[in-house]
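Step one of this worksheet: look at the structure below.
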Amino acid sequence: MGHYSYLQIGTARALLCRESYYRDLAALFVETDCYRRKETAEDWGAEGQYGYEASIREMSQRLETQGITPLVALADLAEGLGKWTEQPAGGEGPQNPELAPPDIEQVERDVRFFLSSDLETLPYSEFKRVSDSGVLIDFLHWYMDTRSLVRLLLHWAPDQNARIALDLSELTGCCVELDPTKPYASQARAEQLAVATTNLPLVVITEGSTDARLLSEGMKVTHPHLVDFIRFFDYGAGSRPRGGADALAEVFKAFVAAGIGNRFVAIADNDAAAHEKLLALKKNRWPPTCRILHYPTLPLLQAYPTYDPATGISAPADVNGQAGSLELYLGKDTLTDTNGDLMPVHWKAFEPKTGLRQGTLSGPGKKAAQKRFEAKLKAARSGQAVGIEDWSGISAIIESIIRAFQ
């Protein structure tokens, strides 16, 4: 009968590969997804299981960072169906079918049925339909980008809380003897990065080295499954390069001029100064592989304490778009002083082009917020977090980066 690897989504198994595994599927996982179960039997099966698994949400977000949205995947499906009668290069793969290709709606119906079918309770009369749907998925694998096919399988999965796994259990016994200690996912990913720029990590340009470092470390807490898929531009270890929106704009234009293979996002502060300085940049037409963003609107900042040095008046105000530097996204816990009060934004001058008033934390306030955030990161890394830390601001920024190309 042979030994097979397969992709499992919920209880459905697809894309079986005899005596080996599809490297393009392995490349979608990271080594922290690896599982080896030898002693206990759980929902995913019994003793001796080995492979890689992630949640549907985590895998969907990885694909989103590579530009594989449901709409992109559907377009790839339409193109694949157009190649239905073609023989894959090299004469490998499925034979040319005699029947006309299905339409997208039929594919969706059949795949949804396949993913929702429980073989243990399925009526005998439905087994052929399930089998035919599995063959359909195998056939499409030859004519679609694997990532697009997986994105559609995830998009159409009936249980969005289910898991997706590349099960390699059958390859660890006799005849095949895959070594479970080797990093097959990272090896497959490394091979892709060497030959295909579309698989390169999404690069994020910030206003400076501090923002890049804090966001990178924060992402390891809020979105650890994206660490190998999103990279923050390093302005230079040990150097003190000019920061701010001007520096971000220069790096952005340099990336465009160089035609780098990575897709990249420039994300600036959500304050008046950054909106003013990037106004002209955002009016230009840029390649589809790049985006210009600001940190997103945050509920905490809609009624945030402010202080006007010119009048001496303290009052809550919506500081989104006027004072949204990274420090205000590091968490309410990092912005709260020793008296239990939020450190206020200090108003400055109005920007002439946008008419927005610039605001910022005081110098000592910024340093205090960063210091508390560093302590919060250290606690999270060491497993000493108490579970009430506020990561909502960092999470909102990473989510906006993920959705940048939607």
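The values are calculated or read from the model by the stated rules, or taken from the named source; none is laboratory data. These figures come from a predicted structure and were not determined experimentally. Neighbour counts run over all protein chains shown; Cβ positions are idealised from the backbone, glycine included. SASA here: full protein model, heavy atoms, side chains in, ligands and nucleic acids out. Shrake-Rupley method; radii C 1.70, N 1.55, O 1.52, S 1.80 Å.
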Open to solvent by 30 Å² or more (accessible area, probe 1.4 Å), among the β-branched types (Val, Ile, Thr) and in contact (Cβ under 8 Å) with a residue 24 or more places away in the chain: which single residue out of Ile260, Ile230, Ile205, Ile267 fits that description?
Ile260
Restricted to region 332-353, and to residues that are over 18 Å from Pro309 (Cβ atoms) and basic (Lys, Arg), which residue is surrounded by the fewest Cβ atoms within 10 Å (Cβ to Cβ)?
Lys353
The lone exception for Tyr329 - which of (1) surrounded by fewer than 17 Cβ atoms within 10 Å (Cβ to Cβ); (2) under 20 Å from Ala396 (Cα atoms); (3) of a type in the set (Ser, Thr, Tyr) it fails
(1)
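Would you mind finding the one in Pro288, Pro299 that is more than 26 Å from Asp318 (Cα to Cα) and surrounded by fewer than 15 Cβ atoms within 10 Å (Cβ to Cβ)?
Working: Pro299 fails: more than 26 Å from Asp318 (Cα to Cα).
Step by step, each of Pro288, Pro299 is checked, and only Pro288 is more than 26 Å from Asp318 (Cα to Cα) and surrounded by fewer than 15 Cβ atoms within 10 Å (Cβ to Cβ).
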Scan of region 328-370 for residues that are among the β-branched types (Val, Ile, Thr), free of Cβ contacts under 8 Å to residues at least 60 places away in the same chain and in a strand (DSSP E or B), ordered by number:
Thr336, Val345
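On the given criteria, is Asp234 out of contact with any Cys (no Cβ under 9 Å at 6 or more places or on another chain) and either of a type in the set (A, V, I, L, M) or outside any helix (DSSP H, G or I) (or both)?
On the way: out of contact with any Cys (no Cβ under 9 Å at 6 or more places or on another chain): yes; either of a type in the set (A, V, I, L, M) or outside any helix (DSSP H, G or I) (or both): yes.
So Asp234 passes the test.
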State all residues of region 302-313 that are open to solvent by 40 Å² or more (accessible area, probe 1.4 Å) and within 24 Å of Pro352 (Cβ to Cβ); if no residue qualifies, say none.
Tyr307, Pro309, Ala310, Thr311, Ile313
Hey, among the residues in region 103-148 that are over 18 Å from Leu25 (Cα atoms) and among the aromatic types (Phe, Trp, Tyr), which one's modelled with the lowest pLDDT?
Tyr124
Failed condition for Ala379, given (1) touching a helix residue (DSSP H, G or I) at 6+ places or on another chain (Cβ under 8 Å); (2) open to solvent by less than 50 Å² (accessible area, probe 1.4 Å); (3) more than 19 Å from Ala245 (Cα to Cα), with all others met?
(1)
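So that you can scan it fast, the table gives a plain yes or no per residue for (1) at pLDDT 95 or above; (2) in a loop (DSSP other than H, G, I, E, B); (3) within 22 Å of Tyr329 (Cα to Cα):
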site: Thr181; (1), (2), (3): no, yes, no
site: Ala185; (1), (2), (3): no, no, no
site: Ala190; (1), (2), (3): no, no, no
site: Leu193; (1), (2), (3): no, no, no
site: Asp228; (1), (2), (3): no, yes, no
site: Arg240; (1), (2), (3): no, yes, no
site: Leu248; (1), (2), (3): no, no, yes
site: Phe255; (1), (2), (3): no, no, no
site: Ile260; (1), (2), (3): no, yes, no
Candidates Pro316, Pro364 - the one that is open to solvent by 70 Å² or more (accessible area, probe 1.4 Å) and in contact with a helix residue (DSSP H, G or I) (Cβ under 6 Å, 6 or more places away or on another chain):
Pro316
Leu200 - would you say it is crowded, with 21+ Cβ neighbours inside 10 Å and either under 25 Å from Leu248 (Cβ atoms) or at pLDDT 85 or above (or both)?
no
Quick check: anything in region 54-65 modelled with pLDDT of 90 or more, open to solvent by 80 Å² or more (accessible area, probe 1.4 Å) and under 14 Å from Tyr143 (Cβ atoms)?
no
Residue satisfying all of: in region 371-391; under 22 Å from Asp211 (Cβ atoms) and outside any helix (DSSP H, G or I); farthest from the chain's Cα centre (by Cα) among these
Glu389
Residue set Trp84, Trp44; condition among the hydrophobic types (A, V, I, L, M, F, W, C), open to solvent by 20 Å² or more (accessible area, probe 1.4 Å), at negative phi and modelled with pLDDT under 70; output residue Trp44
Of the residues that sit in region 1-19 and are open to solvent by 80 Å² or more (accessible area, probe 1.4 Å) and farther than 17 Å from Arg147 by Cα, which one is farthest from the chain's Cα centre (by Cα)?
Met1
Note down all Cβ pairs under 8 Å where the first residue falls in region 103-122 and is closer than 13 Å to Leu74 by Cα and open to solvent by less than 60 Å² (accessible area, probe 1.4 Å), the second is among the small types (Gly, Ala, Ser) and at pLDDT 85 or above, and they're at least six residues apart or on different chains.
Ile104/Ala78
When Gln406 is evaluated against the numbered criteria (1) at positive phi; (2) in contact (Cβ under 8 Å) with a residue 60 or more places away in the chain; (3) open to solvent by 10 Å² or more (accessible area, probe 1.4 Å), which criterion, by number, is the only one it fails?
(1)
Do we find a residue being modelled with pLDDT of 95 or more and hydrophobic (A, V, I, L, M, F, W, C) anywhere in region 378-389?
no
